[in-house]
Amino acid sequence: MSLPQTLIQYSVEEYLSFEREAEERHEYLDGQIYAMAGESPEHGAVCMNLSRIISTRLLDTPCQAFAKDMKVRSGFMPKPGHRMKGLFSYPDLVVVCGELKFHDARRDVLVNPRVIVEVLSPTTEAFDRGEKWERYQTCLPELSDYLLVSQTKALIDHFYRATDDGWRYALVNNIEADLVIASIDCRLHLADVYDRVTFPPEEIHEPDVEEREGRES
């Protein structure tokens, strides 16, 4: 997550008024407005692949997918006035099943996502794994799956809600493997998720002088 636009505190109403007129996207966290950074070609390719795969899988089902420009509110409905507590974010992909429920009559802020997918980047990974994930799992009662997708290697972290309402975790890191999102009956083949994505070469650690001498002695 980037640095806030200013140190001024904004209410939810002020943020939404500002954001609905802005040319660029901004997220909101407890009174602060954060500009969203641009994306790499790899990030864009992974997002496009996921959008295509998941939206196709959802044809003729009660679920539908939204990409990038749909906001999600993580928190309780703010009371009228100048309430500042809450998170408004732009997931890379969000799936809703059944009726679409919105924050207000403008219908641009969802409050009932079933699945959220975030493609990680160096500037957002800590926030996606930390504060954002904490808000998602505690403030979105209809959320069943949260996926964190790497753009630098074939790796997806999958958090999913179990039958006891607790959260479970699975890691898929084989390009030939599949990841199943059972709540929407969707299977992701990692080779398809990373189609046309070129990963950076893995760093090879060259031993320093002391390490070489230690091995030779």
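The values are calculated or read from the model by the stated rules, or taken from the named source; none is laboratory data. Predicted model only: the values in this text are computed from it and were never measured. FYI the Cβ positions are ideal-geometry reconstructions off the backbone, even for glycines, and counts take in every protein chain you see.
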Legend entry - Search result, residues across the range 152-182 that are surrounded by fewer than 18 Cβ atoms within 10 Å (Cβ to Cβ) and either of a type in the set (D, E) or at pLDDT below 95 (or both): A162, T163, D164, D165, G166, E176, D178
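For every residue, the table says whether it meets (1) without any contact (Cβ under 8 Å) to a residue 40 or more places away in the chain; (2) under 12 Å from the mean Cα position of the chain (by Cα).
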residue	(1), (2)
R114	no, no
T123	no, no
A126	no, yes
E134	yes, no
Q137	yes, no
L143	yes, no
Y160	yes, no
T163	yes, no
N174	yes, no
Inset, instruction - Any chance you could count how many residues in the range 17-50 are β-branched (V, I, T) and farther than 18 Å from P200 by Cβ? - result: 1
Inset, instruction - Go through the range 1-72 and tell me which strands (runs of 3 or more DSSP E), entirely inside it, have 3 or more residues that are touching a helix residue (DSSP H, G or I) at 6+ places or on another chain (Cβ under 8 Å) and farther than 17 Å from I181 by Cα. - result: 26-29
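Restricted to the range 85-135, and to residues that are part of a loop (DSSP other than H, G, I, E, B) and of a type in the set (S, T, N, Q), which residue is surrounded by the most Cβ atoms within 10 Å (Cβ to Cβ)?
Of everything passing the filter in the range 85-135, T124 is surrounded by the most Cβ atoms within 10 Å (Cβ to Cβ).
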